[in-house]
Amino acid sequence: MTDDPIIKFDSVVKRFGDLTVLDELNFEVKKGEKVSIIGPSGSGKSTVLRILMTLEEINGGMVTVGGEPLWHEKAADGSLKPASEAHLRKMRVQLGMVFQQFNLFPHMTVLRNITEAPTKVLGLSKAEAKERAEELLELVGLADQASKYPHQLSGGQQQRVGIARALAMRPNVLLFDEPTSALDPELVGEVLNVIGKLAEEHDLTMLLVTHEMRFAREISDRVCFFDQGRIREEGAPEDLFTDPNEERTREFLKAVLD
Amino acid sequence: MHWTEYLPPLMEGAWVTIQLTVYSTVLGAALAFAAGIGKLSSNWLIKAVSVAYIEVFRGTSLLVQLFWLYFALPIAGMAIGIDLRLPPVAAGVLALSLNIGAYGAEVVRGAIQSVHQDQHEAARALNFTPRQTLWNITIPQAIPEMMPSFGNLAVQNLKDTALVSLISLGDLAFRAEQIRNYTQDSTTIYSMLLVTYFGMALVLTAIMRSLEAYVGRWRTARS
């Protein structure tokens, strides 16, 4: 972990119609850091990830990834203008995302779900992509499921494929958007195990939006409590979970932990 | 004349009908994809051409389109000095495929739009270009959705081929009409005609069903 922020939100505003989802949010993640975002529904947690993955535009402020503006680019005269699709494409290479609903491609086998983007987008040969995919399937414990279609797998297995698919693009930052919220309770553990293993063994920067408080506490370097479009409180997990400063954090933790 | 003697000319006509159906369904499917995808294009010119094509050919009768291509187009061509005379087969196939393509285009468009937003987000997160997303993610998932409607359109097309007998193409309906004029045996001839069309429709439906199962095999694979 170094001190350079790989992700920086500077007074970022995001509105959906009249609703302000992010209210001048300031937020930083250092390279290699594992950060969990917790908070009530509608607090803007997932929006942070969706803005980073370029699935939602921002309405104000500035987001930088790896020191470069994400939603802006330099015009010829040196001023900043809204990012073009080409700029977003270039920036997106650094990021990967694991979705709440897995979002696997249902018409492709597990193997092709993982090799499709590396071959088509990164230009890897079929053999290279397959080798990479097989390593990743090994990592997520699904080496024997490569030729199945997503609907033939359990939710937990599908999400592990989702993780492998994102990793196959070798992102610097991996975004997890409530990765276990759509799973039956007995399948949550297998997905958390994989994420935990990644957190331990890789220097990947990880940003995790989750309702799994115990897990967030185990794997995170830092936990941010979001409320009403801002970070209400952040800190090391042992501090935030055991002795939060803010009354609002205390209430939230009491409600979800009881 | 015994009814079995009607069979050889009827079968000759049936073969023409089959060819017309196959050619116009295949060409129609190609037109359906082109116009259906075109209607979703962000390029306004492509979009306008697609919409115009779809609306014109859905909004006019097949018979009029057929007559126009076969009788009116050559005269219009003569006026500007180009030979636009079409052989009956070409005029028939063209009219049928343009017509079925316009209906099919709406099926293609609807099926493409029915692919869930989640899939577009996953594709964007993996940095696919919009074109790669369309061809590798959206269309393969949309095709099985289209198949039931395409099956209907194909059968509709088979039955519509009977109209081409009106531009003197020797299809099944044309042959039947010839025999009837000669023998006046309307009941037998028209009954045979019904049965033959029905038989062909059954075969076509079966073909479309297996095609549907084939393109949607990823949806039905067992664990």
Inset, instruction - For the range A:187-258, please list each of the strands (runs of 3 or more DSSP E) lying entirely inside it that holds at least 3 residues being surrounded by 21 or more Cβ atoms within 10 Å (Cβ to Cβ). - result: A:205-209, A:222-227
Inset, instruction - From (1) in contact with a helix residue (DSSP H, G or I) (Cβ under 9 Å, 6 or more places away or on another chain); (2) within 9 Å of chain A (Cβ to nearest Cβ), pick out the condition that doesn't hold for B:ASP118. - result: (1)
Inset, instruction - Residues being assigned to a strand (DSSP E or B) and surrounded by fewer than 17 Cβ atoms within 10 Å (Cβ to Cβ): count how many of those fall in the range A:66-108. - result: 5
Inset, instruction - Return the residue satisfying two criteria in turn: it lies in the range B:156-166 and is surrounded by fewer than 19 Cβ atoms within 10 Å (Cβ to Cβ) and among the aliphatic types (A, V, I, L, M), and of such residues it is farthest from B:VAL108 (Cα to Cα). - result: B:LEU166
Legend entry - Filtered residues of the range A:109-137 (kept if within 11 Å of A:PRO150 (Cβ to Cβ) and crowded, with 21+ Cβ neighbours inside 10 Å): A:VAL110, A:ASN113
Legend entry - From the options A:GLU56, A:GLU68, A:GLU24, residue that is within 13 Å of another protein chain (Cβ to nearest Cβ) and either more than 12 Å from the chain's Cα centre (by Cα) or not hydroxyl-bearing (Ser, Thr, Tyr) (or both): A:GLU56
Legend entry - Matching residues in the range B:17-70 - criterion: being farther than 25 Å from B:ALA201 by Cβ and among the charged types (D, E, K, R): B:LYS39, B:LYS47, B:GLU55
Legend entry - Unique match (being more than 26 Å from the chain's Cα centre (by Cα), outside any loop (DSSP other than H, G, I, E, B) and more than 27 Å from B:PHE174 (Cα to Cα)) among B:ALA122, B:ALA105, B:ALA142: B:ALA122
Inset, instruction - Within the range A:71-98, work out how many residues are away from every other protein chain (no Cβ under 14 Å) and over 22 Å from the mean Cα position of the chain (by Cα). - result: 10
Legend entry - Filter result (under 20 Å from A:VAL188 (Cβ atoms), assigned to a helix (DSSP H, G or I) and either within 21 Å of the chain's Cα centre (by Cα) or charged (D, E, K, R) (or both)) within the range A:117-149: A:LEU139
Inset, instruction - Looking only at the range B:158-178, decide whether some residue is of a type in the set (A, V, I, L, M) and either within 14 Å of chain A (Cβ to nearest Cβ) or outside any helix (DSSP H, G or I) (or both). - result: yes
Legend entry - Top-ranked residue in the range A:46-65 [being hydrophobic (A, V, I, L, M, F, W, C) and assigned to a loop (DSSP other than H, G, I, E, B); ranked as farthest from A:GLY17 (Cα to Cα)]: A:MET53
Legend entry - Which listed residue is in contact with a Lys or Arg (Cβ under 8 Å, 6 or more places away or on another chain) and either surrounded by fewer than 19 Cβ atoms within 10 Å (Cβ to Cβ) or more than 30 Å from B:GLY13 (Cα to Cα) (or both), from B:GLN141, B:GLN113, B:GLN132, B:GLN119: B:GLN132
Legend entry - Long-range neighbours under 6 Å by Cβ, at least six apart or interchain, first residue over 19 Å from A:LEU52 (Cα atoms) within the range A:71-85, second surrounded by 10 or more Cβ atoms within 10 Å (Cβ to Cβ) and of a type in the set (D, E, K, R): A:ALA75/A:LYS81
Legend entry - B:VAL64, sole failed condition from (1) more than 14 Å from chain A (Cβ to nearest Cβ); (2) hydrophobic (A, V, I, L, M, F, W, C); (3) in contact (Cβ under 8 Å) with a residue 40 or more places away in the chain: (3)
Inset, instruction - Quickly run through the range B:167-184 and pick out the residues that are out of contact with any Pro (no Cβ under 8 Å at 6 or more places or on another chain) and surrounded by 15 or more Cβ atoms within 10 Å (Cβ to Cβ). - result: B:GLY170, B:ASP171, B:LEU172, B:ALA173, B:PHE174, B:ALA176, B:GLU177, B:ARG180
Inset, instruction - State whether one or more residues within the range B:69-83 are at pLDDT below 95 and closer than 22 Å to B:LEU158 by Cβ. - result: yes
Legend entry - Yes/no for A:MET169 being more than 8 Å from every other protein chain (Cβ to nearest Cβ), more than 21 Å from B:PRO140 (Cα to Cα) and either part of a helix (DSSP H, G or I) or out of contact with any Ser or Thr (no Cβ under 6 Å at 6 or more places or on another chain) (or both): no
Legend entry - In the range B:94-106, residue nearest to A:MET53 (Cα to Cα) [restricted to those that are out of contact with any Phe, Trp or Tyr (no Cβ under 6 Å at 6 or more places or on another chain) and buried (at least 22 other Cβ atoms within 10 Å of the Cβ)]: B:ALA105
Legend entry - Those residues of the range A:112-158 which are polar (S, T, N, Q) and away from every other protein chain (no Cβ under 13 Å), in sequence order: A:SER125
Legend entry - Selection within the range A:99-111 - among the aliphatic types (A, V, I, L, M) and more than 9 Å from chain B (Cβ to nearest Cβ): A:VAL110, A:LEU111
Inset, instruction - Have a look at B:ALA221, B:ALA206, B:ALA201 and point out the one that is surrounded by fewer than 17 Cβ atoms within 10 Å (Cβ to Cβ), within 14 Å of another protein chain (Cβ to nearest Cβ) and among the aliphatic types (A, V, I, L, M). - result: B:ALA221
Inset, instruction - Would you mind telling me which numbered condition in (1) out of contact with any helix residue (DSSP H, G or I) (no Cβ under 7 Å at 6 or more places or on another chain); (2) away from every other protein chain (no Cβ under 14 Å) B:TRP135 fails? - result: (2)
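The values are calculated or read from the model by the stated rules, or taken from the named source; none is laboratory data. Note that the coordinates shown come from a computational prediction; the quantities given were computed from them, not determined experimentally. Glycine also receives a Cβ, built like all others from the backbone with ideal geometry; neighbour counts cover every protein chain displayed.
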